Amino acid sequence: MADLQFDLSDVPLKGQKKSKGSNNGLIFLLLLLLCSQSVLLYAVAVLKRSGEQPGAALSAEQTLELAQKLENLDLPHEAVAVWQQYLALTRPDAEKAAKLWYRIGMVQQDGRLYSEAIASYARSQALCQVEILEPEIARRTQECLEQLGQFAALRRDIRQRTDVTADGSSAAGAPEVLAEIGAWKITRADYERSLERQVEATLGMLPPGSDSSERNKRRQAMLQRLNDPKNFASQFQQFIVGELLYREARERKLHEQPQFQSFLRLSERRYLEQGLLNTLPQPAVSEAEMQFYYEKHPAEFQQEDGAAKPFGEVREQIRQTLFQQKLQESQQQLIASLIDKYDVVYHTARIPEVPEASAGEP
């Protein structure tokens, strides 16, 4: 058998360093890798900078065309954003900027963004009061306030635009003070805002069933009743008395008493329960559904002479009946989903059943 030959001349012994020449290849390879990485990082940086160059952005003319196109496509959010980009690009003078903000307000108003539209109209006037736009801004601002149901704010806006002093100048800068409690000067605007909050709280606790236009009508009627000159003095007196009672109760720290805290938690609980139910979508009742119900339940609409009431007379009654039925179904679906979500288990064996009524009981 041939002898096996092992040449260990190239393997360094323990504690023995390899010759300097043997490391040259490894060093060269490391330098090559570092250079490659540097080139790659430089290329990435160049690509990023090229994407941020002005040439990649839209010009002022292109931005203008895009804003007009989005406006024509009835995309108010997108159109407003591009119009604002156009303002930032062009930096127009005060009058032109005021006209552009007026146009932005129109886009927002047409898109039912009424609060945003009011802010844009106000910004237009703050930049420059363009004479030809003033009546249009006044009219459109009032339209937006009406849509928002802010009738007290609407009256304040109208009064601010129409009130003048004896010399013909505007009296808008002088607030109308109705009373003073210490250092607090209570203006008519303060009082009207408190009335609005009172009305909103009342409407918020009403059961669902009316659309937004109907709620706006009710809101306007309530505010008109509270602002009726016949009732104004007594209502304002109640407002002052309520403020005094509130301040005294806070000073006596009644709100820190345990029974008040318990009542507050219970009230919050009830309000949240009802508030969650009020967030359910309002069910729609079609004309066909009402007609079908009318035909299937003739006994409900039978008169003393045996004839049925005309459909037109009972239409709203049927709508309310179907609305409540659908609303109850929606609430039951919500409760069923919550039972599953929170893993509710009824121990029916321990829950007493409702006793049956005896024959003599109604």
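Measuring r between the beta carbons of ARG350 and GLN302 and using R0 = 35 Å, the FRET efficiency lands at 0.15. Among 301-308, 88-95, the peptide with the highest mean count of other Cβ atoms within 10 Å heads the list, and the full ranking is 88-95, 301-308.
Extending 7 Å from Cα along the Cβ direction at HIS77 and again at ALA183 yields two label points whose distance is 4.4 nm. With each label modelled as a point 7 angstrom along the Cα→C-beta vector, the GLU95-ARG225 pair spans 5.1 nm.
Cβ-Cβ distance of LYS253 and SER286, R₀ of 45 Å, FRET efficiency by 1/(1 + (r/R0)^6): the value works out to about 0.20. Within the shell of other residues whose beta carbon sits under 11 angstrom from the beta carbon of SER120, the net charge comes to +2, with Lys and Arg scored +1 and Asp and Glu -1. Sequentially through segment 84-96, phi angles give Karplus couplings (6.51, -1.76, 1.60; θ = phi - 60°) of 5, 4, 5, 4, 5, 6, 8, 6, x, 6, 4, 5, 5 Hz, Gly and Pro residues having no value and appearing as x. For segment 110-142, the set of GluC sites (Glu not before Pro) satisfying both a DSSP loop assignment and a count of at most 11 other C-beta atoms within 10 Å is given as GLU131. Between amide H atoms placed 1.01 Å from N, distances below 5 Å from GLY111 occur with no residue 5 or more places distant or on a separate chain.
Given R₀ = 35 Å, FRET efficiency for GLN238-ILE339 by Cβ-Cβ distance, to 0.05?
For R0 = 35 Å, the calculated efficiency reads 0.20.
Taking only the alpha-carbon positions of segment 287-342 and ignoring solvent, what does the Debye formula give for the base-10 log of I(q)/I(0) at q = 0.20, 0.22, 0.24 Å⁻¹? Treating every Cα as an identical point scatterer, log10 I(q)/I(0) equals -0.73, -0.81, -0.90. Amide H contacts of ILE186: LEU178, ALA179, GLU180, ILE181, each under 5 Å away and 5 or more positions distant or on a separate chain (H built 1.01 Å from N in the peptide plane; Pro and chain starts excluded). The alpha carbons of segment 176-278 give a radius of gyration and a Dmax of 16.7, 44 Å, in that order.
FYI, it's all coordinate maths here, none of it is from the lab. Since this is a predicted model, take the numbers as computed values, not measurements. Counting neighbours? That spans all protein chains shown, and the Cβs are built from the backbone with ideal geometry, glycine included.
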